[in-house]
Amino acid sequence: MYRRAVVVGALAAATAGCTDRIRDVAASTPRDLAVRSRYVDGDPLVDGQSIRALPPELHVHAASYRSGDAALGALRPDAAEARSFVDATRFVDDGGESILVVAQRLTAPEVALRLGAISRIGDGALRVAVDESGPDVDVEKLDDPVVKTLLLRLTDQQGIPERVIVSADGDRAGVTI
């Protein structure tokens, strides 16, 4: 019995950061597009950049960043998980080949976001489908919806996308890169 607990504990510790990567591999994406995602439970963005700065009838928000300084400047100082993801990104404007897209959703506390699929929808445009796990909720009926965030590192071999559309549960938000 003790050995099982040790094995289960060791496996849990070893795979703690891998769940996002497993979901990235399972998501449907174009072959020439490298994607890494990180789910953040909460709002890592500063007040002016967050979905909370938008009108309350908007439930999905997208933002994009081409440089590390811009991305770090948009993050709260205490957003350690988001900051580590940004630090590992080689941004286009910093001599790398990646951009960061931040997808945010207002929803219930029990809901988590994950990458569903990415598809090309035109010349230089991508559509990101964000899946929600948890109970099916109507955001309009929630008294106090919470912010859920999905960070996406995109490296496109066809070049930097000009526009990204993020969709979650029928709601959409677009961002020009």
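Can you give the net charge of the other residues whose Cβ lies under 14 Å from the Cβ of L54, counting K and R as +1 and D and E as -1? Mind showing how you got there, number by number?
Working: positive: R52, R105, R172; negative: D43, D47, E57, D171.
So the environment of L54 carries a net charge of -1.
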Residues meeting the amide H criterion for I177 (H placed from the backbone, H to H distance under 5 Å, 5 or more places apart or on another chain) are R163, V164
Let me check something: with ligands and nucleic acids excluded, how do I165, I118 order by accessible area (1.4 Å probe), largest to smallest?
I165, I118
In a shell of Cβ-Cβ distance under 12 Å around R120, excluding R120 itself, what net charge do Lys and Arg (+1) and Asp and Glu (-1) give?
-1
Expressed as a whole number of Å, what is the distance separating the alpha-carbon centroids of segment 68-107 and segment 140-159?
12
Applying a 10 Å radius around every beta-carbon, put 62-73, 79-90, 103-114 in order of their mean neighbour count, most first.
103-114, 62-73, 79-90
Bin width 5 Å, alpha-carbon pairs only: give the P(r) of segment 93-138 as whole percents, running from 0 to the bin holding the largest distance.
5, 16, 20, 20, 16, 12, 7, 3, 1
Can you tell me how segment 67-177 classifies by the Cα gyration tensor, rounded, prolate or oblate, using a/c under 1.5 as the rounded cut?
oblate
Order these peptides, 38-51, 145-158, by their mean beta-carbon neighbour count within 10 angstrom, highest first.
145-158, 38-51
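In square angstrom, what is the accessible area per residue of segment 43-113 with a 1.4 angstrom probe?
On the way: 3120 Å² over 71 residues.
With all protein chains present, segment 43-113 gives 44 Å² per residue.
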Among rounded, prolate and oblate, which fits segment 58-124 when a ≥ b ≥ c are the square roots of the eigenvalues of its C-alpha gyration tensor, a/c under 1.5 means rounded, and a/b larger than b/c means prolate?
oblate
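The values are calculated or read from the model by the stated rules, or taken from the named source; none is laboratory data. Source: prediction; values computed, not measured. So basically every Cβ, Gly included, is an ideal-geometry build from the backbone, and we count neighbours across all protein chains shown. Note: accessible area is taken over every heavy atom of the protein model, side chains too, but ligands, DNA and RNA are not part of it. Shrake-Rupley method; radii C 1.70, N 1.55, O 1.52, S 1.80 Å.
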